[in-house]
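Some notes on the structure that comes next.
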Amino acid sequence: MDVRLSQCFIAVDDHDKALAFYCDVLGLEVRNDVGFEGMRWVTVGSPAQPGVEIVLEPPAANPDASPADRQAMAELLAKGLLRGVIFSTDDCDALFARVEASGAEVLQEPTDQPYGVRDCAFRDPAGNMLRFNQPRTAGR
């Protein structure tokens, strides 16, 4: 049996700002941007991973969520308390420079971690924490 990741979700409060960041800054491509049941279904992905998409969704996209639940999710997103994702890169330092130049909030500059990666962290425009790691090579 073959099981693979197909989609993951990142909560965003503004699709246009999210697309500018994920596509223009990170270099991901838009896979879908369509209206769906009164909402906007937006997916992006890396050209190097055609089978994996990131769904950029409102923080309370569940139609069964109560107004109080929607408000709570929006508040958690605004505080940056929702889970983020970890991306891999072949050049953590170059990626850091590009993302920092975009004005994104820096959470951690490139650092060699004891668990074998060099990584850095930012917040996206909605406040999600994004980490970028690069496997360390011998001698680094």
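The values are calculated or read from the model by the stated rules, or taken from the named source; none is laboratory data. Just so it is clear, the model here is predicted, and its values are computed rather than measured. Please note: Cβ atoms are built from the backbone with ideal geometry, for glycine as well, and neighbour counts cover all protein chains shown.
In the set D69, D64, which member is exposed (fewer than 13 other Cβ atoms within 10 Å of the Cβ) and either acidic (D, E) or in a strand (DSSP E or B) (or both)?
So the residue among D69, D64 that is exposed (fewer than 13 other Cβ atoms within 10 Å of the Cβ) and either acidic (D, E) or in a strand (DSSP E or B) (or both) is D64.
When only residues in region 1-56 that are more than 10 Å from the chain's Cα centre (by Cα) and within 16 Å of R123 (Cβ to Cβ) count, which is modelled with the lowest pLDDT?
Applying the filter and picking the extreme gives D13.
Go through P50, P59 for me and flag whichever is in a loop (DSSP other than H, G, I, E, B) and in contact with an Asp or Glu (Cβ under 7 Å, 6 or more places away or on another chain).
P59
For region 118-140, which residues satisfy the criterion of being buried (at least 18 other Cβ atoms within 10 Å of the Cβ) and either part of a helix (DSSP H, G or I) or among the aliphatic types (A, V, I, L, M) (or both)?
Within region 118-140, A121, A126, M129, L130 qualify.
Could you tell me whether E109 is among the acidic types (D, E) and exposed (fewer than 13 other Cβ atoms within 10 Å of the Cβ)?
Working: among the acidic types (D, E): yes; exposed (fewer than 13 other Cβ atoms within 10 Å of the Cβ): yes.
When the stated conditions are applied, E109 passes them.
Among the residues of region 90-103, is any in a strand (DSSP E or B) and either under 15 Å from the mean Cα position of the chain (by Cα) or hydrophobic (A, V, I, L, M, F, W, C) (or both)?
No, the conditions are met nowhere in region 90-103.
Being touching a Lys or Arg at 6+ places or on another chain (Cβ under 8 Å), closer than 25 Å to C23 by Cβ and of a type in the set (A, V, I, L, M) narrows it down to one of A101, A126, A94, A74, so name that one.
Answer to the selection: A126.
Just to verify a result, which residue in region 74-87, among those that are part of a helix (DSSP H, G or I) and out of contact with any strand residue (DSSP E or B) (no Cβ under 7 Å at 6 or more places or on another chain), is surrounded by the fewest Cβ atoms within 10 Å (Cβ to Cβ)?
Among those that are part of a helix (DSSP H, G or I) and out of contact with any strand residue (DSSP E or B) (no Cβ under 7 Å at 6 or more places or on another chain), it is E75.
Give me the pairs, please: first residue somewhere in region 3-23 and of a type in the set (V, I, T), second residue anywhere and assigned to a helix (DSSP H, G or I), beta-carbon distance under 6 Å, and either six or more positions apart or on two chains.
Sorted first by the residue in region 3-23, then by its partner, the pairs are V12/A18.
Go through region 1-55 and count every residue that is surrounded by 15 or more Cβ atoms within 10 Å (Cβ to Cβ) and over 27 Å from A72 (Cβ atoms).
Residues flagged as surrounded by 15 or more Cβ atoms within 10 Å (Cβ to Cβ) and over 27 Å from A72 (Cβ atoms) within region 1-55 amount to 7.
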